[in-house]
Amino acid sequence: MIVVIPAYQPDEKLLQTVAELRQKTAYPIVVVDDGSAPDRQPIFDRLEPDVTVLHHEVNRGKGAAMKTAFAYIQEHFPADEGIVTVDADGQHLVPDIVRVSEDWAAHPDALVLGSRRFTGKVPFKSRAGNAITRQVFRASTGVKVFDTQTGLRAFAVSRVPMMLAMHGDRYEYEINVLLYATRHRVPIREVTIETVYIEDNASSHFHPVRDAWRIYKMILMFVASSLIAALVDYVLVLLLEPLFSHIPAIAAPLLAATAVARVASSLCNYFINGKLVFEECSKRSILRYYLLVVAIYAVNYLLLLALNMILPLWLAKIIVEIVLYPVSFYMQRRFVFAKGETNA
């Protein structure tokens, strides 16, 4: 098992964690100095030569630091070995690091998470942030993960190509790994660990606005693309239905209007999601997408037809879209843009 510790502006807690790891395990350790200030260099100097220390000239972010370590490990260690990532701030206890590593050894195909339960004295922003992310993650992927923000994770060296290809260089990297794992059907396991916050998490470099945006960006982009497509669909239905009503050759103007509107809005939605959100435009995904479009359209039309008997069209349309939105979201994540389990 190889331990990876990304470190930016570390203090004595990094030295304590490394010392205990060396005392209680035989794990090789790779520490990445992510552009720390010159006054922190003596800490890294004290780690060598027993620990491999890699350096960034400037701060590039936690995700970039881990990628640097993963690239080094890919070159120097066998593919069937395991990697466990650990934070540098002393919040991951060595017994928990060992338990997560051992669980991975028993399930080498999985991504194993050290999952905190946020009991005891936990900073409000940490408790609330993880609770919100947990619910958003579950709603958007259909996968229940209790601690989506844990930095204690274990996986095989053979998954390093996947980890290196992952988007994000800062805190968003870790949530992207989880999103990628659910999309590629990589098993996710959780091992309960101690919840440790030292000095109210004062050493954290997490920026509540900037880094939260990076974490939620992919999910919010999906919501935005859906809203744009829904707006296109909504406007076209309202414009085309009265227009088609004055064309004798069109026997069912509402059906024709919803059909044209759905084709236009679905093209808009597919290319935004495929290019910007899931980054997966292919013949297979577009076929799956339009199978879903046909199914959603049929349900949409039937619901709209029924509700329009008792409600005005503009209100019925809004209600139908609200009802069907989560269904479309889930099916695109799990069916349209999903990929099979892979190590790459």
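The values are calculated or read from the model by the stated rules, or taken from the named source; none is laboratory data. As the structure is a computational prediction, the values presented were derived from the model and not from experiment. In this analysis, Cβ positions are derived from the backbone assuming ideal geometry, glycine residues included, and neighbour counts consider all displayed protein chains. Ligands, DNA and RNA are stripped out before the accessible areas are found, and what is left, the full protein with its side chains, is counted by its heavy atoms. Shrake-Rupley method; radii C 1.70, N 1.55, O 1.52, S 1.80 Å.
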Got a number for residues in segment 1-15 being under 28 Å from the mean Cα position of the chain (by Cα), part of a loop (DSSP other than H, G, I, E, B) and more than 25 Å from ALA156 (Cβ to Cβ)? 3
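Condition check ((1) free of Cβ contacts under 8 Å to residues at least 24 places away in the same chain; (2) outside any helix (DSSP H, G or I); (3) under 23 Å from VAL160 (Cα atoms)) across all residues:
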{"site": "THR17", "(1), (2), (3)": "no, no, no"}
{"site": "ARG22", "(1), (2), (3)": "no, no, no"}
{"site": "PRO49", "(1), (2), (3)": "yes, yes, no"}
{"site": "VAL84", "(1), (2), (3)": "no, yes, yes"}
For the list (1) over 24 Å from ALA69 (Cβ atoms); (2) open to solvent by less than 10 Å² (accessible area, probe 1.4 Å); (3) of a type in the set (A, V, I, L, M), I need the number of the one condition that VAL136 fails. (2)
Residue check for VAL3: crowded, with 21+ Cβ neighbours inside 10 Å, at pLDDT 95 or above, touching a strand residue (DSSP E or B) at 6+ places or on another chain (Cβ under 9 Å) and under 16 Å from VAL100 (Cα atoms): yes
Output the number of residues of segment 180-196 satisfying the condition of being in contact with a Ser or Thr (Cβ under 7 Å, 6 or more places away or on another chain) and either modelled with pLDDT under 90 or aromatic (Phe, Trp, Tyr) (or both). 3
Suppose we keep only residues that are open to solvent by 20 Å² or more (accessible area, probe 1.4 Å) and among the charged types (D, E, K, R) within segment 70-105. Which one would you say is nearest to the chain's Cα centre (by Cα)? ASP87
Among what's in segment 57-69 and is assigned to a helix (DSSP H, G or I) and without any contact (Cβ under 8 Å) to a residue 60 or more places away in the chain, pick the residue that is least open to solvent (accessible area, probe 1.4 Å). ALA65
Starting from segment 308-327, take each residue that is outside any helix (DSSP H, G or I) and list its partners that are at pLDDT below 85, counting only C-beta distances under 8 angstrom and pairs at least six apart or across chains. none
In segment 25-47, residues that are part of a helix (DSSP H, G or I) and within 23 Å of HIS76 (Cβ to Cβ) total 4
